[in-house]
Every structure is written in structure tokens, then in C-alpha cells.
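Student: Once you've had a glance at the structure underneath, I'll fire off some questions.
The values are calculated or read from the model by the stated rules, or taken from the named source; none is laboratory data. Just so it is clear, the structure is predicted and the values come from calculations on it, not from any experiment. Because the Cβ atoms are built from the backbone with ideal geometry, glycine has one as well, and the counts that use them run over all protein chains shown. Surface accessibility is based on the protein's heavy atoms, side chains included, excluding ligands, DNA and RNA. Shrake-Rupley method; radii C 1.70, N 1.55, O 1.52, S 1.80 Å.
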Amino acid sequence: MQDKELVEVAKKFRENAYVPYSKFKVGAAVLTKSGKVYGGCNIENSSYPVTNCAERTAIFKAVSEGEKDLVALAVIADTDGPCSPCGACRQVIAEFRIPKIIMANLKGAEKVVTLEELLPFAFSPDDLT
Ligand code: THU
């Protein structure tokens, strides 16, 4: 699957964002090694910190379906530049070792980075062994 197609899925799921507080919609999509795609959006909560980001929604959907082999993640929002995953999402992206992260915005900007670039010196499952 092309990067642009994964971004398109993320864009579609962005429309489902539940954002009554920030009004800031984010969409994400993860691609599995087997070629399946799981989309997600941010889901806010009146207890603000309980909010789940779009990236984590997409990743958790995939993992809960038994798909842990994730090869790429796309994230999109109406930002000036490509939308960058927050720190918590970076840690989750690192947990599942997603090697490629495609950051995009609604204007068509796109930036592709590696996990290493996104979160250098990550604390990883290896550190617990
Ligand atoms: N948000 C995401 O969904 N992903 C990110 O990586 C950054 C932030 C959401 C959380 C909240 O609903 C809104 O954007 C504003 O922070």
C-alpha cells in the first residue's frame, strides 16, 4: 500500500473524531504486515487526561484484533505542517516497533520518518529483560 493511501484512510477516520473540548480532529491509520489497515481518531473525555489520541486508537484497535506486526502508521490533522505524534503516542509506537511514520496535514504536506528519528533513545521492551 502506498503512503498516500494510508494517509487517505487516516483522513477518513479523522471525520469520526470525538472532540467536543478541543475541536481538534486527528485521524490515524496503521498498516499490518499482512496488509490489513486499522483506522482511528482521537476520542476526548470530560475528564481531559482520559482522552485517547488517534494514533493510539488505531494501534490499540489493531493489537486488540491480534495484529501486532505493524509496518507503518499515518497521522493527519489540520496543522500548518505535517501532524506530529505526541510523546505518549511515540512511546506506544516504539512499543510495537512501527518502523515508518507518515505525518500529514490537510493541505497535502507529508513527512516520513523512521521510529529512530521519531523517538531516539526510546525505552523499549528490551530494557526490561
Ligand atoms: N491528539 C492526537 O490525537 N494525537 C496527537 O498525537 C496529538 C494530540 C489529540 C488529543 C486531543 O484530543 C487533541 O488532539 C488536542 O490535543
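Student: With charges set only on the Cβ (+1 for Lys and Arg, -1 for Asp and Glu), what does the dipole of the chain come to about its Cα centre, in debye to the nearest 20?
Tutor: Roughly 320 debye, rounded to the nearest 20.
Student: For the chain, give the share of DSSP beta bridges that are antiparallel, in percent and rounded to the nearest 5; count only bridges with both residues there.
Tutor: Around 75 percent antiparallel, to the nearest 5.
Student: Moving on to the next point. Contact order normalised by length for the chain, with contacts defined as Cα pairs under 8 Å and 6 or more residues apart; what percent is it?
Tutor: Reported relative contact order: 21 percent.
Student: Loop-only check: which GluC sites (Glu not before Pro) in segment 47-99 are DSSP coil with at most 12 other Cβ within 10 angstrom?
Tutor: 65
Student: Set the Förster radius R0 to 41 Å, insert the Cβ-Cβ distance between residue 128 and residue 51 as r into 1/(1 + (r/R0)^6), and round the FRET efficiency to 0.05.
Tutor: Computed FRET efficiency for residue 128 and residue 51 comes out at 0.90.
Student: Right, here's the next one. Per residue, how much accessible surface does the chain expose to a 1.4 Å probe? Answer in Å², no decimals.
Tutor: Heavy-atom SASA per residue in the chain reads 54 Å².
Student: Select from segment 33-121 those chymotrypsin sites (Phe, Trp or Tyr not before Pro) which occupy a DSSP coil region and have at most 14 other Cβ atoms within 10 Å, ordered by residue number.
Tutor: Answer by residue number: 121.
Student: If you don't mind, there's one more thing I want to ask. Over all Cα pairs of the chain, how is the pair count split among 10 Å bins, expressed in % and running from 0 up to the last occupied bin?
Tutor: All Cα pairs, binned at 10 Å, distribute as 14, 47, 32, 6, 0 percent.
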